[in-house]
Structure formats: C-alpha cells, structure tokens
Amino acid sequence: MIEKLYDRILHRNPGEKEFHQAVWEVLESLKPVFARRPELLDEALIERLCEPERQIIFRVPWADDSGKIHVNRGFRVEFNSALGPYKGGLRFHPSVNLGIIKFLGFEQTLKNALTGMPIGGGKGGSDFDPKGRSDAEVMRFCQSFMTELYRHLGEYTDIPAGDIGVGEREIGYLFGQYRRITNRYESGVLTGKGVLWGGSQARSEATGYGLVVFTAEMLKTRGEELEGKRVVVSGSGNVAVHAMEKAQQLGATPIACSDSGGYVVEEKGIDLDLLKQVKLVERGRLSAYAERRGGAARFVPGGRVWEVPCEVALPSATQNELDEDDAVTLVRNGVQAVGEGANMPTTPGGVRVLREAGVLFGPGKAANAGGVATSALEMQQNASRDSWTFEHTEARLTEIMRHIHRLCHTTAERYGRPGDYVAGANIAGFELVEEAMVAQGLV
Ligand code: GLU
C-alpha cells in the first residue's frame with residue numbers, strides 16, 4: 001500500500017526528484033507505525049499530508065543597477081497548517097524550483113511539529129542569485145518579491161524567515177516593503193529580523209548552536225562527549241559558522257569547512273573571528289580566508305571536505321552534498337557522529353552506509369530544528385511586545401533541542417528501532433501532525 005501511494009505521488013508530481021526523495025524517506029520509516037497501528041494507514045490522510053494546502057508561483061520583475069530588466073520566479077508553498085500558521089524560510093538560489101521548495105516545505109512540516117511549538121509548515125523562495133549583486137539590486141528584488149507575496153502573509157497566516165541566500169539584510173528589505181504596503185508594524189509576520197527592530201537574540205546562532213547541542217546529546221547516549229573531538233563542517237554560511245562556534249565552546253576543535261570553491265583545513269582549529277569577517281560580513285570566498293591566515297590554513301580548491309579525518313561531521317551547506325562515497329570515506333576515517341545542519345544534505349545511499357556502520361546520525365528535521373524553534377520564540381516575543389536576553393533565549397533553545405532529542409530517541413525505541421533517529425524523527429513528527437489533522441476533520 002505504501003508503494004502504491006508513493007507511486008501515485010510520483011506520477012502526480014513529475015520531475016520533482018528532491019520532493020520524491022523526502023516523501024519516500026518518510027513513508028519508508030513509517031512502516032513500523034502502520035504495522036502496529038494499522039488504523040493510521042489511511043490513504044486519504046497520507047495523501048493529504050503529501051499534498052500542500054496551497055502553492056503560489058509568481059513573477060518577480062526587477063531592474064539591475066544598469067537598468068537591465070530581469071524576470072525571476074517566486075514561490076511560496078503553504079504546506080500544512082494543522083499545528084499552527086505556515087512557518088518556514090525563503091531560499092534565494094539559482095537552483096530553486098518547485099520540487100525543491102516542496103521538499104523543503106514537507107520537511108519543515110514535520111520539523112516544526114518536533115519543536116513542540118505551535119507552527120505549521122511552509123517554504124518559499126526564488127531562483128534569484130544574490131551572488132555578486134549590489135545591496136541596491138538585492139533591495140529592489142526583495143521589494144518586487146514582497147509586492148506579490150504580502151497578500152498571502154500575516155502573523156496568523158504565514159510567517160517566512162531566512163534560508164540559503166536570505167539573511168538579516170534580505171529580511172530587512174522584505175519587512176520594510178510589507179510594512180509600507182500594509183501600513184502595519186506587524187513584527188510577527190517575518191522572523192530573523194534585526195534585534196533592534198523586533199528580531200530575537202540568538203536567532204542567527206540558533207540553527208548551528210542547536211545542531212551541536214543535538215549532536216552532543218546523541219554522543220551522550222553512548223557515554224561519549226563532544227570535548228576533544230575534531231569537527232568537520234561543510235559550508236561556511238550562517239549555520240556552519242555558528243555550529244563551529246558552539247562546538248568550540250564545548251571543547252571540540254572545528255578543523256575544516258567549505259564553500260563552493262573548495263575547503264579549508266586547519267588542524268589547530270579554524271579562526272572563527274576571521275571566518276565570520278570574511279564570509280558573513282564581507283561575503284567573500286574561503287580562499288580569501290586561507291590567504292589571510294598565511295601558512296596556518298591549507299586551502300584545497302575543488303576538494304571534498306569529507307576527506308578530512310574527524311570524529312564529528314556536520315553537513316551544513318545544502319541538499320545531497322554527502323553521498324555514499326563520502327560516507328564510506330568518513331566511516332573509514334573513524335567518524336562517530338553525523339548531524340545534519342542543512343536540509344537533507346545526506347543522500348539515501350550515504351544514510352545507509354552510515355547506519356550500517358553504526359554511526360550516530362541526526363537527520364536535519366530534528367538536528368537543525370533549533371533555527372525555526374527560535375523563530376517561534378521570536379514570534380512569541382513579538383506577540384507579547386517583549387525582548388528577551390541572549391542567555392534566556394539560548395537556554396530555551398537548549399531545552400527545546402534536548403526535548404527533540406528525547407522525543408526522537410524514545411519514539412525510535414517505542415517502535416523497536418533503538419538509536420535510529422531517522423525513524424524516531426519521522427514517526428514522532430508524523431504522529432503529531434496526523435493527530436492534529438484528524439482532530440480538525442476533512443479540510
Ligand atoms: N530555513 C530554516 C529551516 O530550514 C528556518 C526557517 C524559519 O526560521 O522559519 O528550518
């Protein structure tokens with residue numbers, strides 16, 4: 001029956017390979033649930049779970065600094081609102097298409113359920129490439145994007161945030177245009193705002209910090225700790241940098257990270273202040289970081305960061321960036337834990353290799369949920385017109401990550417899959433969303 005259902009989803013959503021991959025992973029891990037609770041194997045329910053409530057596709061015209069006109073495509077997939085208003089980021093990257101946004105929205109729905117916060121799932125973005133664009137160009141693009149999107153948003157309806165290519169700068173331009181069009185200072189309509197104008201402390205740190213907390217919790221189940229371990233991270237954006245920062249705070253050594261040009265390795269540990277300056281402030285290349293470190297760092301152009309031996313690996317760049325061969329290399333080099341900072345960065349083959357080797361594996365929808373959970377904390381602060389300290393916010397984040405870890409761990413055990421966080425996350429997320437959907441009837 002699961003295979004039949006999946007076949008139907010395949011045919012109904014042709015060509016959306018990332019969406020197929022995300023759906024199949026979830027359906028497959030629900031098998032023990034259906035074996036024990038056959039009443040849940042309700043075709044119509046699963047079909048509804050895999051069909052977005054609403055999909056919006058729109059034209060985004062804008063003019064570059066020379067006056068040339070560009071036309072991009074904008075998306076917002078409002079996937080599921082059983083547990084709360086649609087919540088999820090916006091991705092600006094040339095690879096964006098409907099299938100990518102749907103896979104992200106599907107993952108987001110289950111991820112948001114795991115946080116225990118009242119948020120449904122959605123995702124959006126555009127095939128706009130912000131690389132090399134001036135601030136003025138990015139602003140004009142964001143204003144044009146919001147000029148259509150605003151009518152679909154609202155603090156009780158749909159609340160976007162950042163993802164790849166969308167950070168505080170873009171959220172600022174989007175918020176400004178929303179405020180102008182609606183004549184409302186509706187802080188809770190977007191998250192990831194600047195702290196001065198309604199943003200939450202610790203939001204930019206949250207995904208990376210939460211990822212490391214989750215990974216440390218996984219290690220604890222085997223009597224291990226993070227301290228003293230070598231950590232390799234892919235990517236060097238917001239998630240990657242803050243994962244390295246938290247790992248360092250907990251006594252581990254982040255020794256390598258990457259960008260699309262290659263990777264940098266530094267056995268004594270990456271200089272995080274310089275890395276932040278180059279990647280997050282100057283929006284520069286990792287090769288420039290290595291140059292400024294002189295002989296201390298080695299830059300490997302075009303290399304795969306997973307070649308660097310480590311005990312902990314944190315893929316934090318993009319989907320399907322750690323494949324079967326990478327997993328074999330990691331296992332050969334003695335990796336103990338892999339925590340996904342990005343969404344679906346490990347291919348199904350990669351997951352299989354890690355699982356068979358007994359490596360602790362934290363799937364993105366659980367391990368990287370700290371970002372969206374802190375977005376929900378931002379909404380909470382906005383609703384009460386309050387702002388919390390960094391310490392208070394981080395303490396809530398840590399508590400939420402431990403809760404997610406416990407939930408995945410106990411759920412996996414309950415269904416006879418001890419230590420299988422993929423099963424634990426998918427089953428626990430499904431049970432929560434399913435219960436709310438059934439309670440609310442056929443809508
Ligand atoms: N883009 C992030 C994610 O994948 C965060 C979304 C949000 O804060 O709404 O979960």
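The values are calculated or read from the model by the stated rules, or taken from the named source; none is laboratory data. Since this is a predicted model, take the numbers as computed values, not measurements. As a convention, Cβ positions derive from the backbone with ideal geometry for all residues, glycine included, and neighbour counts pool all protein chains shown.
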Test: residue in region 352-363 that is buried (at least 21 other Cβ atoms within 10 Å of the Cβ), within 16 Å of the ligand (Cβ to nearest atom) and of a type outside the set (D, E, K, R): yes
Some residue of region 257-266 being part of a helix (DSSP H, G or I) and closer than 28 Å to Val166 by Cα: no
Hits in region 72-101 (condition: under 21 Å from Ile427 (Cβ atoms) and more than 12 Å from the ligand (Cβ to nearest atom)): Phe79, Asn80, Ala82, Leu83
Checklist (1) outside any strand (DSSP E or B); (2) over 13 Å from the mean Cα position of the chain (by Cα); (3) within 11 Å of the ligand (Cβ to nearest atom) applied to Leu104, failing item: (2)
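Have a look at Gly162, Gly176, Gly154, Gly120 and point out the one that is within 16 Å of the ligand (Cβ to nearest atom) and over 23 Å from Asn97 (Cα atoms). Talk me through it step by step, then tell me what you get.
Details: Gly162 fails: over 23 Å from Asn97 (Cα atoms); Gly176 fails: within 16 Å of the ligand (Cβ to nearest atom); Gly120 fails: over 23 Å from Asn97 (Cα atoms).
Only one candidate passes the filter, namely Gly154.
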Ala395 under 21 Å from the mean Cα position of the chain (by Cα), within 11 Å of the ligand (Cβ to nearest atom), assigned to a helix (DSSP H, G or I) and under 23 Å from Leu114 (Cβ atoms): no
In region 144-184, the residues that are of a type in the set (Phe, Trp, Tyr) and closer than 16 Å to Gly198 by Cα: Tyr173, Phe175, Tyr178
Among (1) within 16 Å of Trp62 (Cα to Cα); (2) assigned to a helix (DSSP H, G or I); (3) within 16 Å of the ligand (Cβ to nearest atom) - the single one Gln143 does not satisfy: (3)
Of all residues in region 211-246 being in a strand (DSSP E or B) and among the hydrophobic types (A, V, I, L, M, F, W, C), the one that is nearest to the chain's Cα centre (by Cα): Val233
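Thr411 - would you say it is surrounded by 21 or more Cβ atoms within 10 Å (Cβ to Cβ), under 26 Å from Tyr209 (Cβ atoms), of a type in the set (Ser, Thr, Tyr) and within 16 Å of the ligand (Cβ to nearest atom)? First the steps, then the outcome.
Working: surrounded by 21 or more Cβ atoms within 10 Å (Cβ to Cβ): yes; under 26 Å from Tyr209 (Cβ atoms): yes; of a type in the set (Ser, Thr, Tyr): yes; within 16 Å of the ligand (Cβ to nearest atom): no.
No: the conditions fail for Thr411.
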Hits in region 86-103 (condition: touching a Phe, Trp or Tyr at 6+ places or on another chain (Cβ under 9 Å) and either small (Gly, Ala, Ser) or over 21 Å from Lys193 (Cβ atoms) (or both)): Gly88, His93, Pro94, Val96, Asn97, Leu98, Gly99, Ile100, Ile101, Lys102, Phe103
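Okay, residues lined up against (1) over 20 Å from the mean Cα position of the chain (by Cα); (2) assigned to a helix (DSSP H, G or I):
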site	(1), (2)
Thr191	no, no
Tyr209	no, yes
Gln248	yes, yes
Pro254	yes, no
Leu274	yes, yes
Ser287	yes, yes
Contacts under 6 angstrom Cβ, first residue in region 96-118 being among the charged types (D, E, K, R), partner away from the ligand (no atom under 11 Å from the Cβ) and not in a loop (DSSP other than H, G, I, E, B), 6 or more apart: Lys102/Phe19; Lys102/Val77; Glu107/Ala22
Single unsatisfied condition, Tyr185 versus (1) more than 13 Å from the ligand (Cβ to nearest atom); (2) touching a residue at least 40 places away in the same chain (Cβ under 8 Å); (3) farther than 22 Å from Ile56 by Cβ: (2)
Any chance Glu168 is more than 13 Å from the ligand (Cβ to nearest atom), on the phi < 0 side of the Ramachandran plot and at pLDDT 95 or above: no
Filtered residue count, region 45-81, keeping only those that are under 28 Å from the mean Cα position of the chain (by Cα) and either part of a helix (DSSP H, G or I) or acidic (Asp, Glu) (or both): 8
Failed criterion for Gly116 (all others in (1) more than 21 Å from Gln380 (Cβ to Cβ); (2) not in a helix (DSSP H, G or I) hold): (1)
The listed residue being more than 23 Å from Asp420 (Cβ to Cβ) and surrounded by 22 or more Cβ atoms within 10 Å (Cβ to Cβ), out of Leu275, Leu250, Leu322: Leu275
Residue check, Gly371 assigned to a loop (DSSP other than H, G, I, E, B), within 14 Å of the ligand (Cβ to nearest atom) and closer than 19 Å to Lys111 by Cβ: no
Given (1) surrounded by 16 or more Cβ atoms within 10 Å (Cβ to Cβ); (2) within 23 Å of Arg169 (Cβ to Cβ); (3) of a type in the set (A, V, I, L, M, F, W, C); (4) more than 18 Å from the chain's Cα centre (by Cα), index of the condition Val281 fails: (1)
